[in-house]
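Read the structure below first, then the notes.
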Amino acid sequence: TLRKEAFIGKEITKEQYDQLQALGKTEEEKDADARKDAKEEDTQVAVRERIMKLANANVPRAMVKLLEGSTSDSTQEKLFEGMGRMASEQSVRGVMIQQGVLTACLQLDKGDKPNETEQKILRQARSCIAKLLVTTNPSILTVSQRSGSIGPLLKLVKDNDATDLMHFESLLSLTNLAGYS
């Protein structure tokens, strides 16, 4: 996931980079890399289990507390990135909402003219909102959470720099909210 994200917006894809690297390697180096990759492969099941353990250990609440005391853009960026990655696991979304992640994402407001870093933070927060609300039953949300989510989701849909997945998740979340009442 990290390697794929590193190539987003670049002129070369992850697969093309790997092919270029493989051209310069000997057969022995290729065999050694294959053995190393086989040992280090992280399964989706293992990732899912770690995310569930983190959520049950109140890590999302701790991340929200860190956000409240943080003024550093880089800290906020990493916290929202972590929240978004945790929200990719469907089974912990309700726990994350209970622990204040949705409210923290909704409270983020950088004004009318955010700089590039602030725009990236906003995009990550809006993406986290979208991930959280794709499968969440809107009836369990407060009125302010339901109505407050619409603006950030619409802004994410209109964001040209957002990925197609972000657009898709925000549209699904808006559909989910619109279907409530």
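For the stretch 145-177, filtering for residues that are surrounded by 20 or more Cβ atoms within 10 Å (Cβ to Cβ), among the small types (Gly, Ala, Ser) and under 10 Å from residue 106 (Cβ atoms) leaves 1.
There is no residue in the stretch 147-161 that is assigned to a helix (DSSP H, G or I) and acidic (Asp, Glu).
Among the residues of the stretch 64-82, the one identified as touching a residue at least 40 places away in the same chain (Cβ under 8 Å) and farther than 16 Å from residue 120 by Cβ is 64.
Out of 142, 136, 71, 117, one residue alone is at pLDDT 90 or above and open to solvent by 40 Å² or more (accessible area, probe 1.4 Å). It is 142.
Residues considered: 85, 93, 48. Of these, the only one that is touching a residue at least 60 places away in the same chain (Cβ under 8 Å) and within 16 Å of the chain's Cα centre (by Cα) is 85. Residues in the stretch 124-143 that are within 19 Å of residue 108 (Cα to Cα) and touching a residue at least 24 places away in the same chain (Cβ under 8 Å): 124, 125, 126, 127, 128, 129, 130, 131, 132, 133, 141. The condition (being within 26 Å of residue 115 (Cβ to Cβ), under 13 Å from the mean Cα position of the chain (by Cα) and not hydroxyl-bearing (Ser, Thr, Tyr)) is satisfied by just one residue among 133, 165: 165. The single condition among (1) closer than 18 Å to residue 9 by Cβ; (2) at pLDDT 90 or above that residue 148 does not satisfy is (1). Out of all the residues in the stretch 53-68, is one or more open to solvent by 20 Å² or more (accessible area, probe 1.4 Å), modelled with pLDDT under 90 and out of contact with any helix residue (DSSP H, G or I) (no Cβ under 9 Å at 6 or more places or on another chain)? No.
Which residue pairs have Cβ atoms under 8 Å apart, sit 6 or more places apart or on different chains, and have a first residue in the stretch 159-175 that is touching a residue at least 12 places away in the same chain (Cβ under 8 Å) and a second that is among the acidic types (Asp, Glu)? Here the result reads 166/159, each pair linking the stretch 159-175 to a residue that is among the acidic types (Asp, Glu).
The values are calculated or read from the model by the stated rules, or taken from the named source; none is laboratory data. Bear in mind that the values here come from a model prediction, so they are computed numbers and not experimental data. With ideal geometry, Cβ positions are generated from the backbone for all residues, glycine too; neighbour counts draw on all protein chains shown. Just so you know, the surface numbers come from the protein's heavy atoms only, side chains and all, with ligands and any DNA or RNA stripped out. Shrake-Rupley method; radii C 1.70, N 1.55, O 1.52, S 1.80 Å.
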